[in-house]
Amino acid sequence: MKEKKDQKKYRLLGVDPGTNVLGYAVIEVDKKQLRLLEMGGVSMKHLPEHQLKLKRIFERLKEIIFHYKPYQMAIEAPFYGKNVQSMLKLGRAQGVAIAAAITSGVEVTEYSPKKIKQSITGNGNASKEQVAAMLSNILKRPIKIESLDATDALATAICHYYQSSSVLAGKKRYNDWSEFIKDNPDKKM
């Protein structure tokens, strides 16, 4: 399933978790050139129960992963909100999205909304519309902004590309605790 990043061509999946709409985007990196393969939203507004929404997130992301075989997935981390119930539901959606990736053998990295905006626009407080406009410049093509959830997912994938391509990047990412403990025996409890 996993394609080596050392190869010149690989794919990244970006996810903007949500319980009404989940945004996703798949990009292909080929010799440092970025190409958008697909982006969209998974609407769950019509589903009556939260558990059905979580099931839909899991199943749809598994389908996307199976079809595109991304090397890694980047996901937007929940930000602090005043509505505790909304935060819990969002956290569950993020957890299900992460589970879909790791059960498919895809590594996952989280980024804060501020980090994503900073990486794309240079301004951590940029609006969603500013981020979407900058994505057109980065990809050198117009991006249809049908869903800001989808453009947020695209921004997340590109942010991950920038962060993992950075000179400062290079720390190993782990799929599970056993790998981490094997490489870091001094960290055992």
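The length gained by stretching the chain between LYS8 and LEU47 to full extension, at 0.36 nm per residue less their Cα-Cα distance, is 10.0 nm.
When you filter the trypsin sites (Lys or Arg not before Pro) in the range 34-99 for DSSP loop state and at most 12 other Cβ atoms inside 10 Å of their Cβ, you are left with LYS45, LYS82. Pairs exceeding 23 Å between alpha-carbon atoms, taken from LYS31/LYS62; LYS32/LYS117; LYS9/LYS114; LYS45/LYS89; LYS55/LYS89; LYS31/LYS69: LYS31/LYS62; LYS9/LYS114. With a ≥ b ≥ c the root eigenvalues of the C-alpha gyration tensor of the range 14-152, is it rounded (a/c under 1.5), prolate (a/b larger than b/c) or oblate? It comes out oblate by the Cα gyration axes.
Find how much the distance from GLN85 to ASN125 grows on full extension, using 0.36 nm per residue of separation minus their present alpha carbon separation; answer in nm with one decimal. Spell out each step's value before the answer.
Values: separation 40, 0.36 × 40 = 14.40 nm, distance 2.48 nm.
Result: 11.9 nm gained on full extension.
Paramagnetic label reach from GLU146 (point 7 Å along Cα→Cβ; backbone nitrogen cut-off under 15 Å): within the range 36-62, residues 37-44.
Throughout, read-outs are computed from the coordinates displayed, never taken from laboratory work. Values in this document were obtained by computation on a predicted structure and should not be read as measured data. In this analysis, Cβ positions are derived from the backbone assuming ideal geometry, glycine residues included, and neighbour counts consider all displayed protein chains.
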